[in-house]
Amino acid sequence: MKEINWQEFEQVELRTGTIIEVHDFPEARRPAWKLLIDFGEQIGTRKSSAQITDLYNKEDLLGKQIIAVINFPAKQIGPFMSECLVTGFARKDGEIVLATPDKTVTNGLKLL
């Protein structure tokens, strides 16, 4: 594991957001959802593709707060441009468990 310093960590913009739209993504190679996430007034909304269909359906995701990296360059995923990276933890079976705040917080807050 590479050790980083505090200044390097501060460069990663891990922010809270609320999922406001969930759409099917049939063109994805691996099953995924297309998400629209609200990061608050200063940041606005961002799109993301997330391979989380094993554990989360559309109803589970709508209104759910998540933690995402918002300062990676946009990434083309098939016909879809992903603008942020939704974070989670991979279980042994490969299913992804979302990283989420355990209490509701303001959208756009930075993880400290």
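The values are calculated or read from the model by the stated rules, or taken from the named source; none is laboratory data. Being a predicted model, the structure only gives us computed values, none of them experimental. Cβ atoms come from the backbone with ideal geometry, glycine included; neighbour counts cover every protein chain shown.
The table for this structure:
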{"item": "Failed criterion for residue 63 (all others in (1) surrounded by 16 or more Cβ atoms within 10 Å (Cβ to Cβ); (2) at positive phi hold)", "result": "(1)"}
{"item": "Residue list for region 32-53, filter: assigned to a loop (DSSP other than H, G, I, E, B), in contact (Cβ under 8 Å) with a residue 40 or more places away in the chain and closer than 19 Å to residue 72 by Cα", "result": "39, 40, 42, 43, 51"}
{"item": "Residues of region 16-41 satisfying the condition of being at pLDDT below 95 and acidic (Asp, Glu)", "result": "27"}
{"item": "Complete set of residues in region 54-112 that are closer than 26 Å to residue 9 by Cα, in a loop (DSSP other than H, G, I, E, B) and free of Cβ contacts under 8 Å to residues at least 24 places away in the same chain", "result": "72, 73, 74, 91, 102, 103, 112"}
{"item": "Meets criteria (out of contact with any strand residue (DSSP E or B) (no Cβ under 9 Å at 6 or more places or on another chain) and either crowded, with 20+ Cβ neighbours inside 10 Å or within 24 Å of residue 9 (Cα to Cα) (or both)) for residue 42", "result": "yes"}
